[in-house]
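Okay, so here's the structure we're looking at.
The values are calculated or read from the model by the stated rules, or taken from the named source; none is laboratory data. Here the structure is a predicted model, which means the values were calculated and not measured. Counting neighbours? That spans all protein chains shown, and the Cβs are built from the backbone with ideal geometry, glycine included. Please note that ligands, DNA and RNA were not included when accessible areas were found on the heavy atoms of the full protein model with its side chains. Shrake-Rupley method; radii C 1.70, N 1.55, O 1.52, S 1.80 Å.
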Amino acid sequence: MEMTHKKDLDWSNIGFGYRQTDWRYVANYRNGAWDNGVMTTDPSVTLNECAGIFQYCQEVFEGLKAYETKDGHIVTFRPDQNAERMMNSATGLEMPPFPKERFLEALDQVVKLNAAWVPPYGSGATLYVRPYMFASSPVIGVKPAEEYQFRILCTPVGPYFKGGVKPLTICVSDFDRAAPHGTGHIKAGLNYAMSLHAYVDAHSRGYDENMFLDAATRTCVEETGGANFFFVTEAGTIVIPKSGSILPSITRRSMKVVAQEYLNIPVEERPVKLAELEQFVECGLCGTAAVISPVGKVVDHGREICFKNCQNAMGPVTEKLYRTLTGMQLGEIEAPEGWIRRIV
């Protein structure tokens, strides 16, 4: 296998931020069809002042990672799931879905041409890949645009939460992230815009993240601004909150399979009441950026709910999930068939 000369970076300390890489992919939708798409070194996007993205926020995106494995290959983890979720998101915002096979081919190209930016195995860093699509033609009346642009960029990143696996402290938010029958299940930029004020507010009060409750009754746990929750009972069962307005996380879906089929840990997916959190011994977040991160404490308006098995570090069940899932991504543990897409 041809070796790629890596960029000269302090890979273990790069943080979670944007760093411009060499290549990105661009395709345009015009006259009812996607063009062939190109790879470009130009990171700029030029749009009309009245483009639909600026006026009515027609935009969807994905997030996934490329990894260097133990044996030196570069792989992505279940990218077909990202392609399908993005197609569903596009349909939900009246945008033309970008075809799955073309998504996967474009992703391969972007990662391959930016191989020098893929952090080395063992560094704790990864190449974060961001496919996104937005309305590019002018719209002034409230309606879907006629033209769209699909792009994929990538950037090397360190851990999402500073301090790595130190248990997080989360507050129950007074804000709502998503309405019932709204767009909470779609990976659209507008959902994240909704959570920014709540995020800044939580940070200003010393918390790492928010716990959003269901908007209808404000009694059930939904998610944070950027990850899904899971809990562990005293008996060792993993409980995953269920709701129609939670984003269907690919990490969460994968974690469920890992728990049941690899670790023989029972999993329940059901609505989780805020009132029952004291009964759990572990709590965690799961998502592409967060991977699997432990939560030590949830604060509900002064009432502290502590999860006794993850006060100073990951709880035992959370750690097993983390080690197995990341082991698969890094080629240390054999993953289920079709989960790992080898690029180099």
Keeping to the range 158-176, report how many residues are closer than 25 Å to Asn88 by Cβ and within 16 Å of the chain's Cα centre (by Cα).
-> 1
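Looking at the range 157-165, is at least one residue touching a strand residue (DSSP E or B) at 6+ places or on another chain (Cβ under 7 Å) and open to solvent by 30 Å² or more (accessible area, probe 1.4 Å)?
Kept after step one, since they are touching a strand residue (DSSP E or B) at 6+ places or on another chain (Cβ under 7 Å), are these residues of the range 157-165: 157, 161, 165.
Now narrow it down to the ones that are open to solvent by 30 Å² or more (accessible area, probe 1.4 Å): 165.
Yes, because at least one residue in the range 157-165 is touching a strand residue (DSSP E or B) at 6+ places or on another chain (Cβ under 7 Å) and open to solvent by 30 Å² or more (accessible area, probe 1.4 Å).
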When the residues of the range 1-42 are filtered to those that are farther than 14 Å from Arg151 by Cβ and among the acidic types (Asp, Glu), which remaining residue is farthest from the chain's Cα centre (by Cα)?
-> Glu2
Residue check for Thr21: in a loop (DSSP other than H, G, I, E, B) and surrounded by 14 or more Cβ atoms within 10 Å (Cβ to Cβ) = yes
Qualifying residue in the range 278-296 (condition: open to solvent by 20 Å² or more (accessible area, probe 1.4 Å) and assigned to a helix (DSSP H, G or I)) | yes
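Would you mind stating whether Ala125 is touching a residue at least 40 places away in the same chain (Cβ under 8 Å) and open to solvent by 10 Å² or more (accessible area, probe 1.4 Å)?
On the way: touching a residue at least 40 places away in the same chain (Cβ under 8 Å): yes; open to solvent by 10 Å² or more (accessible area, probe 1.4 Å): yes.
Yes.
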Give the number of residues within the range 34-52 that are open to solvent by 50 Å² or more (accessible area, probe 1.4 Å) and part of a strand (DSSP E or B).
-> 1
Residues that are farther than 16 Å from Arg342 by Cα, in contact with a Phe, Trp or Tyr (Cβ under 7 Å, 6 or more places away or on another chain) and part of a loop (DSSP other than H, G, I, E, B), drawn from the range 82-132 | Met95, Pro96, Phe98, Ser123, Ala125
Residue pairs meeting the criteria (Cβ under 8 Å; at least 6 apart or on separate chains; first within 16 Å of Phe229 (Cβ to Cβ) and open to solvent by 20 Å² or more (accessible area, probe 1.4 Å), in the range 308-326; second of a type in the set (Phe, Trp, Tyr) and not in a loop (DSSP other than H, G, I, E, B)) | Met314/Tyr322
So which residues in the range 217-242 are open to solvent by 10 Å² or more (accessible area, probe 1.4 Å), at pLDDT 95 or above and of a type outside the set (Asp, Glu), if there are any at all?
-> Thr217, Arg218, Thr219, Cys220, Thr233, Ala235, Gly236, Thr237, Lys242
So which residues in the range 327-344 are outside any loop (DSSP other than H, G, I, E, B) and either farther than 11 Å from Val75 by Cα or open to solvent by 60 Å² or more (accessible area, probe 1.4 Å) (or both), if there are any at all?
-> Gly327, Ile340, Arg341, Arg342
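Does Asn228 satisfy the condition of being over 22 Å from Met133 (Cβ atoms), in contact with a Pro (Cβ under 9 Å, 6 or more places away or on another chain) and touching a residue at least 40 places away in the same chain (Cβ under 8 Å)? Quick ask: steps written out before the conclusion?
Working: over 22 Å from Met133 (Cβ atoms): yes; in contact with a Pro (Cβ under 9 Å, 6 or more places away or on another chain): yes; touching a residue at least 40 places away in the same chain (Cβ under 8 Å): yes.
Here the answer is yes, as Asn228 does meet what is asked.
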Hey, can you tell me all the residues within the range 53-99 that are β-branched (Val, Ile, Thr), surrounded by fewer than 19 Cβ atoms within 10 Å (Cβ to Cβ) and touching a residue at least 40 places away in the same chain (Cβ under 8 Å)?
-> Thr69
